[in-house]
Amino acid sequence: MMREDNKKSLASQELLERVDPAKLPRHIAIIMDGNGRWAKNKLLNRIKGHEKGIDAVRDVVEACREMGIQYLTLYAFSVENWRRPASEVNALMQLLRNYLLKERDNLLKNEIRLSAIGDLDRLPESVRKTLFQVIGDTAHCEKMTLILALSYGSRWEIVRAALRIARDIAAGKMREEEVTPEVFSGYLTTAPVPDPDLLIRTSGELRLSNFLLWQLAYTELYITPTLWPDFTREDLIEAILDYQKRERRFGMTSDQISELHAKR
Ligand code: IPE
Ligand code: IPE
Ligand code: MG
């Protein structure tokens, strides 16, 4: 066991050395998918997959913190996930509450601020209470921000932003001409956070499933067949290494990008 662990940490150490600290993504977003299939492959109940998924969450949060990633957004429960059988929804809510209760001290110790986006009013009272408790307790933490997307749906968020803008215009707080993409971003639940640089989706699905549709406009996508409960810190580093090989052009030409880098 000991030797296995040593071997593992060596592998991750070697990978880590290849990461360019100057080109780290500032914000990583992850669609944590494949818990159910992981369990099914092992002839287990889907809930066992979600339980195992929590271990992967812990590892990835810790790895991001150690590497110096500033923002990590985890898609934990979509607004569409309310359509799952009540037994699964209840188990997920229970797991979420337990995770928050258990992780509170760890987040504080590692100076990680917790935040949440989504239609949080739909969460059961006990979960919401615990969530806001931990958010409050970690509000002063500044080393990293962990954002949980809970009961989150991007279309819900965009419609809500549009309605709020309409209201502000009607109330004379803002003029129509002032509504730019930047101002619009300010009305989204993600407002103070920069857009993700890297989006990871596990379990090989090639879709966004109503996640951060606006914010992902220029995000680099990384999709891996690995199921979420099997996703390790090595997988995370692989994703970052892949990201670092890419040229982000934002509509410009490759030559323009090289010039910009040369000027810096
Ligand atoms: C992701 O795993 C976790 C949540 C959506 C809550 P799934 O539960 O979607 O797992 P699969 O896609 O059925 O394998
Ligand atoms: C997306 O996964 C939501 C989360 C990971 C929380 P789903 O498993 O719900 O997505 P679909 O339904 O396969 O698109
Ligand atoms: Mg899924």
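The values are calculated or read from the model by the stated rules, or taken from the named source; none is laboratory data. Nothing here was measured: the structure is a model prediction, and the numbers come from that model. No Cβ is skipped: glycine too gets one built from the backbone with ideal geometry, and neighbour counts run over all protein chains shown. Quick note on the areas: whole protein, heavy atoms, side chains included, nothing else; ligands and nucleic acids left out. Shrake-Rupley method; radii C 1.70, N 1.55, O 1.52, S 1.80 Å.
A simple rule links phi to the HN-Hα coupling: the Karplus curve 6.51 cos²θ - 1.76 cosθ + 1.60 with θ = phi - 60°, which for region 90-101 gives 4, 5, 5, 5, 4, 4, 4, 5, 4, 4, 5, 5 Hz, with x for Gly and Pro.
Determine the sum of side-chain charges near TYR75: Lys and Arg each +1, Asp and Glu each -1, restricted to other residues whose C-beta is under 13 angstrom from that of TYR75.
Working: positive: ARG201, ARG207; negative: ASP33, GLU80, GLU157, GLU205.
Summing Lys and Arg as +1 and Asp and Glu as -1 gives -2.
Whole-Hz Karplus values for region 12-17 come out as 6, 4, 4, 5, 4, 5 Hz, taken residue by residue from phi with 6.51 cos²θ - 1.76 cosθ + 1.60 and θ = phi - 60°; glycine and proline positions read x. Accessible surface ranking for HIS50, HIS261, 1.4 angstrom probe, highest first: HIS261, HIS50. Within the same chain, lysines fewer than 8 places from LYS102 are excluded, and of the rest, those with a Cα less than 19 Å from its Cα are LYS48, LYS52, LYS129.
Hey, got a sec? Which trypsin sites (Lys or Arg not before Pro) in region 202-258 land in a DSSP loop and have at most 15 other Cβ atoms within 10 Å? Present the calculation step by step, with values, prior to reporting the outcome.
Details: sites: ARG207, ARG233, LYS245, ARG246, ARG248, ARG249; in loops: ARG207, LYS245, ARG246, ARG248, ARG249.
Qualifying residues, ordered by number: ARG207, LYS245, ARG246, ARG248, ARG249.
The lysines whose alpha-carbon is closer than 20 Å to the alpha-carbon of LYS109, local same-chain residues fewer than 8 away aside, are LYS143.
Computed FRET efficiency, Cβ-Cβ of GLU205 and ARG264, R0 41 Å: what is it to the nearest 0.05?
On the way: r = 37 Å, r/R0 = 0.90.
Taking R0 as 41 Å, the efficiency between GLU205 and ARG264 is 0.65.
For region 38-123, the Cβ-based charge dipole about the Cα centre amounts to some 340 debye (Lys, Arg positive; Asp, Glu negative; other atoms uncharged).
Here is the list for region 189-264: chymotrypsin sites (Phe, Trp or Tyr not before Pro) lying in DSSP coil, each with at most 16 other C-beta atoms within 10 angstrom of its C-beta, are TRP214, TYR218, PHE250.
Projecting the Cα positions of LEU100, PHE250, SER87 onto the charge dipole of the chain (unit charges on Cβ atoms of Lys, Arg, Asp and Glu, taken about the Cα centre) puts SER87 furthest along the positive direction.
Between ARG201 and ILE31, TYR222, ILE223, THR224, the built amide H atoms are under 5 Å apart, and every one of these is 5 or more places off in sequence or on another chain. Between the listed residues HIS50, LEU188, GLY136, the Cα displaced farthest toward the positive end of the dipole of region 36-188, a dipole computed from Cβ unit charges relative to the Cα centre, is found at HIS50. Dipole check for the chain: with +1 at the C-beta of Lys and Arg, -1 at the C-beta of Asp and Glu, and the Cα centre as origin, the magnitude is about 640 Debye. Only the Cβ atoms of Lys and Arg (+1) and of Asp and Glu (-1) were treated as charged; on that basis the dipole of region 136-176 about its Cα centre amounts to roughly 220 debye. FRET efficiency for the TRP156 to LEU44 pair, using the beta carbon distance and R₀ = 30 Å, is estimated at 0.40.
How long is the gain from GLN13 to TRP82 if the chain were fully straight, where each residue apart is worth 0.36 nm and the alpha carbon distance is subtracted?
Details: separation 69, 0.36 × 69 = 24.84 nm, distance 3.98 nm.
Net length gain for the segment: 20.9 nm.
Here region 137-180 and region 63-127 have alpha carbon centers that stand 19 Å from each other.
Arrange the residues GLU205, GLU125, GLU142 by how much accessible surface each exposes, largest first, with a 1.4 angstrom probe.
Working: GLU205 45, GLU125 110, GLU142 155 Å².
The most accessible residue leads, giving GLU142, GLU125, GLU205.
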